[in-house]
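Student: The structure follows.
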Amino acid sequence: MLNFKLQIKNIQHIKDFTFEVDLSKNKIMSIVGKNGVGKTLLFKSIQNLVTSNTFSKTSNKHIFNQNSEIIYTLDLNKSYVFSYNDSVETIDLKESVDDEIIRNINVELPIPFGERFQFRRFGEIDSQIRTAIITTKYNKPKELIELLNFIYDSNRFDNLIEVEIAKKKFYAIVLDDNYYIREDYLSSGEYFVISIYKLIQSRCKLIAIDEIDISLDAMAQVRFIKKLREMTYKYEINLIFSTHSLGIMKMLESDELFYMDFNDGDCILENKSYNYIKSLLYGFTDYDKYLLVEDDILKDFIEFVLDEEKLFHKYIILPIGGADNVIKLMEKNKSKEVFGKVENVKSILDGDMSSKTAYKDRIDILFLPFESVEKEFFEYFNKNEFGVFSGEQLKSYNFQGTLSDKKADKKIYEMFIKNNLKTQKEIFEFLKSKKEIEINNFKKKLSDFLNK
């Protein structure tokens, strides 16, 4: 099973939504969005393929109608269609799902339905765990101990042991005089981590967790995500989860974070940057003016330009990630008023975007007076304004690649900053000395907007 795709039609508030994941990539995927957009419905739909009574146990029958269905497609040659069945008042499948698919998909739902909230009764096997501890017939799960100690920044799991009973593994912390704490008596977060570890060990190809942050404290959330990324690669699995935690979102790579949105019955899932999502989910409503910019370097440069400028309004500069995302967010503000009135929001893009037909001649967009901070600096670097750098020197500063590479400008900029060859402020002051008239004109446009 290398590909998983489902299409939800006419269920709850969703008319149409398609979700697809390439399981050959072995990675994590985080889904975020506002409450009520359909995240939990997606996770229930994934679970429904392997546990066909998912909806009857967790949802109101009125979310369905005669046109409700979920279509699952796996590896392009196998599909299952769950359609509405009047007799059971839910969606139903007229055939059985392959055992291999059932073994390779596992879903953890949010409270109160998730397994992490259903502490199992271990009474039947408690005596076997006790016997294993007394006779020392157990293993030391080194990887799990390291995982728990790392997540909780502690060594209290050093005495964790693993007991195998009827081909299933159970865990306990051994205390003095053969006393012990079973895994089900640990905190809900610790029990949850162990449960997910078991799933990973089983090499279940697709693991989906709705609201991964509920059982975990702030530090555990961030540390767990780091380890999960490593384990998805090591054990060749895929982990999909939803979260409302900014700490988790900030830890994610650019291709791991997806924003779920809803528009007139259609659900959309798009890869978005942390700053884009933070702006939508945690709206900044206490400011008079908003500047939406492409990245942190442009944000820092604008702050440098506006330094000591007398401004009458309270403003914030938000790095969104990429010109297209900046403009999309500004357009969304026009219909949703994410930040407030349209006239109080302006996008600032790098100068290399000024010739793009969709952007030029717009009064709600300003452009940097050169292609970008990095490209402008790189141009002067190539003119030997900062000295001549040999290939060996560049290598000694950990410069990777060649000066003709597509992203050489960004790499050289980072090289100067990381190796303290120039501070960011020194670079900005140098650029200002070279483009003083253009930068002053740019500053005036910014000031006029912020003081309006």
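Student: Inside the stretch 151-186, can you point out the residues that are acidic (Asp, Glu) and either modelled with pLDDT of 90 or more or over 20 Å from residue 216 (Cα atoms) (or both)?
Tutor: Across the stretch 151-186, the qualifying residues are 153, 158, 162, 164, 176, 177, 183.
Student: A further question follows. Being open to solvent by 50 Å² or more (accessible area, probe 1.4 Å), among the hydrophobic types (A, V, I, L, M, F, W, C), within 33 Å of the chain's Cα centre (by Cα) and closer than 20 Å to residue 297 by Cα is the filter here, so list the residues in the stretch 385-433 that pass it.
Tutor: 417
Okay, residues lined up against (1) more than 18 Å from the chain's Cα centre (by Cα); (2) of a type in the set (Asp, Glu); (3) buried (at least 22 other Cβ atoms within 10 Å of the Cβ):
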| position | (1), (2), (3) |
| --- | --- |
| 187 | yes, no, no |
| 197 | yes, no, no |
| 203 | yes, no, no |
| 208 | no, no, yes |
| 219 | no, no, no |
| 224 | no, no, yes |
| 227 | no, no, no |
| 232 | no, no, no |
| 237 | no, no, yes |
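Student: Sticking with this structure for a sec: If a residue has to be assigned to a helix (DSSP H, G or I) and aliphatic (A, V, I, L, M) to count, how many in the stretch 54-81 make the cut?
Tutor: 1
Student: State the number of residues belonging to the stretch 34-53 that are without any contact (Cβ under 8 Å) to a residue 40 or more places away in the chain, assigned to a helix (DSSP H, G or I) and either over 19 Å from the mean Cα position of the chain (by Cα) or surrounded by fewer than 11 Cβ atoms within 10 Å (Cβ to Cβ) (or both).
Tutor: The total comes to 1.
Student: Here are some conditions: (1) closer than 17 Å to residue 367 by Cβ; (2) of a type in the set (Val, Ile, Thr); (3) touching a residue at least 40 places away in the same chain (Cβ under 8 Å). Residue 427 meets all but one. Which one does it not meet?
Tutor: (1)
Student: Being assigned to a loop (DSSP other than H, G, I, E, B) and touching a residue at least 12 places away in the same chain (Cβ under 8 Å) narrows it down to one of 255, 261, so name that one.
Tutor: Result: 255 is the single residue among 255, 261 that is assigned to a loop (DSSP other than H, G, I, E, B) and touching a residue at least 12 places away in the same chain (Cβ under 8 Å).
Student: Being under 35 Å from the mean Cα position of the chain (by Cα) and more than 16 Å from residue 405 (Cβ to Cβ) is the filter here, so list the residues in the stretch 372-384 that pass it.
Tutor: Hits for the stretch 372-384 are 373, 376.
Student: Okay, moving on. Taking the condition surrounded by fewer than 17 Cβ atoms within 10 Å (Cβ to Cβ), touching a Ser or Thr at 6+ places or on another chain (Cβ under 9 Å) and either among the aliphatic types (A, V, I, L, M) or touching a residue at least 24 places away in the same chain (Cβ under 8 Å) (or both), does residue 57 pass?
Tutor: Answer is yes for this residue.
The values are calculated or read from the model by the stated rules, or taken from the named source; none is laboratory data. Note that the coordinates shown come from a computational prediction; the quantities given were computed from them, not determined experimentally. Cβ coordinates were reconstructed from backbone atoms using ideal geometry, including for glycine residues, and neighbour counts include every protein chain displayed. These area figures cover heavy atoms from the full protein model, side chains too; ligands, DNA and RNA do not enter into them. Shrake-Rupley method; radii C 1.70, N 1.55, O 1.52, S 1.80 Å.
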